[in-house]
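Please treat every number below as a calculation from the coordinates, not as lab data. This is a predicted model, so every value here is computed, not measured. Cβ coordinates were reconstructed from backbone atoms using ideal geometry, including for glycine residues, and neighbour counts include every protein chain displayed.
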Amino acid sequence: MTEIRRLFLSSGEISLTRLVPTDARWLETWVNDPITTRFMATGRTQMNPAQLAAQIDAWKEPTDWPFAIVLEGYQDPIGTVGLYGVDWLSRKAEFRVLIGEIYCGKGHGTVATKLALRFAFDRLQLHRVWLGVTASNERAIRAYKRAGFSNEGLLRDDLYRDGQYHHSRRMGIVQADYERMREIWDTEKAKPLGTLEPGLDIPRPADEP
């Protein structure tokens, strides 16, 4: 059966589409690349396409919203970004992003992060989005700050990888922060915030307040 990739958001040459199980074919390269995942819990153990496809299939709306990051002119997506474990009572979710190392440092991750935040706050109407990042990953921390995230605390010896423990930082952005950032993004003519595709139904839990 052919899976239909739904376009959710776009901004210039970057678009986000729903991540589907067949994306395991290209995602395997980045998940198993020790350079791409050197600061992550992802990549500590190898995953084959079947395992990745099963994981993607297990992420279900309205709790999980994984997207493929599509760069105009490229056959395969360059990474993933998403919102996970949505708590509809507290209206919060975890943010995650993975970009293939060869595509890093070009601003693609920052654009994808802004698009995901627009989806989180403007479409899902969340109040808070948080993330965890290895404390030594200075490039990622700078990018998250540019997108509006603030440092919220340090988790000591939070990640064990490559034979040693690493500290992690917790970062977050709440709706008021996002509203301020959106005003800035909307004035950046060269870097528009992006557009949400119309007519997308957002499934919500029956007990949502």
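Hey, quick one: spin label on Glu13, modelled 7 Å out along Cα-Cβ, who in region 72-87 has an amide N within reach, i.e. under 18 Å? Hits in region 72-87 for Glu13 at 18 Å: 72-80.
Extension gain for the segment His127 to Val20, taken as residue separation times 0.36 nm less the Cα-Cα distance, is 35.8 nm to one decimal.
Overall, region 7-196 carries a charge dipole of about 440 debye about its Cα centre when +1 sits on the Cβ of Lys and Arg and -1 on the Cβ of Asp and Glu, all other atoms neutral. Neighbour counts of other Cβ atoms within 10 Å put His167, His127 in the fewest-to-most order His167, His127.
Which of Ile173, Ile78 has the fewest other C-beta atoms within 10 Å, and how do the rest follow up to the most?
Ile78, Ile173
Cα-based count: Lys pairs in region 7-196 below 27 Å, eight or more positions apart or different chains? Within region 7-196, the lysine pair count is 14.
Kindly identify region 7-196 as rounded, prolate or oblate by the Cα gyration tensor criterion: order the square roots of the eigenvalues as a ≥ b ≥ c, call it rounded if a/c is under 1.5, otherwise compare a/b with b/c, prolate if a/b is larger, else oblate. If you can, show how the numbers build up before the last one.
Working: a/c = 1.39, a/b = 1.14, b/c = 1.22.
Rounded, because the longest to shortest axis ratio a/c is under 1.5.
Straightening the chain between Lys60 and Leu89 buys 8.7 nm, computed as 0.36 nm per residue apart minus the Cα-Cα spacing.
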